[in-house]
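In what follows, a single structure is set out as structure tokens and then discussed.
The values are calculated or read from the model by the stated rules, or taken from the named source; none is laboratory data. Keep in mind that what you see is a predicted model, and the values were worked out from it rather than measured. Cβ sites come from the backbone with ideal geometry, for glycine too, and all protein chains shown count toward neighbours. These area figures cover heavy atoms from the full protein model, side chains too; ligands, DNA and RNA do not enter into them. Shrake-Rupley method; radii C 1.70, N 1.55, O 1.52, S 1.80 Å.
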Amino acid sequence: MSYDPSLVVGIMGGSAGTTHDAFYLLWEAKKYGARAALFGRKINQAEHQPTFVRYLRAIADGQIEP
């Protein structure tokens, strides 16, 4: 078995940034084939966590763009 650099399995939320940064990161990762996204710290630090997650889900489902 070998490493395939074209395969994007998933992303991790990364360093602190704006809400738009998180939404754009998810949208772009999905565009390139990512199948998983972890945003623990960004969700935890969001002003209203349920709304943040709702928007992440909508982006992941292709209903909205960042």
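Okay, residues lined up against (1) surrounded by fewer than 10 Cβ atoms within 10 Å (Cβ to Cβ); (2) more than 12 Å from the chain's Cα centre (by Cα); (3) of a type in the set (A, V, I, L, M, F, W, C):
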| position | (1), (2), (3) |
| --- | --- |
| 7 | no, yes, yes |
| 17 | no, yes, no |
| 21 | no, no, no |
| 26 | no, no, yes |
| 37 | no, no, yes |
| 42 | no, no, no |
| 55 | no, no, no |
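Residue pairs whose Cβ atoms lie under 8 Å apart, separated by 6 or more positions or on different chains, with the first residue in segment 43-66 and in a loop (DSSP other than H, G, I, E, B) and the second open to solvent by less than 40 Å² (accessible area, probe 1.4 Å) and of a type in the set (Val, Ile, Thr), are 65/59; 66/59. Among residues of segment 19-31 that are more than 16 Å from residue 54 (Cα to Cα), those with a beta-carbon under 6 Å from a residue that is modelled with pLDDT under 90 and of a type outside the set (Phe, Trp, Tyr) at least six positions away or on a different chain give the pairs 29/11.
Candidates 61, 21: the one that is charged (D, E, K, R) and touching a helix residue (DSSP H, G or I) at 6+ places or on another chain (Cβ under 9 Å) is 21.
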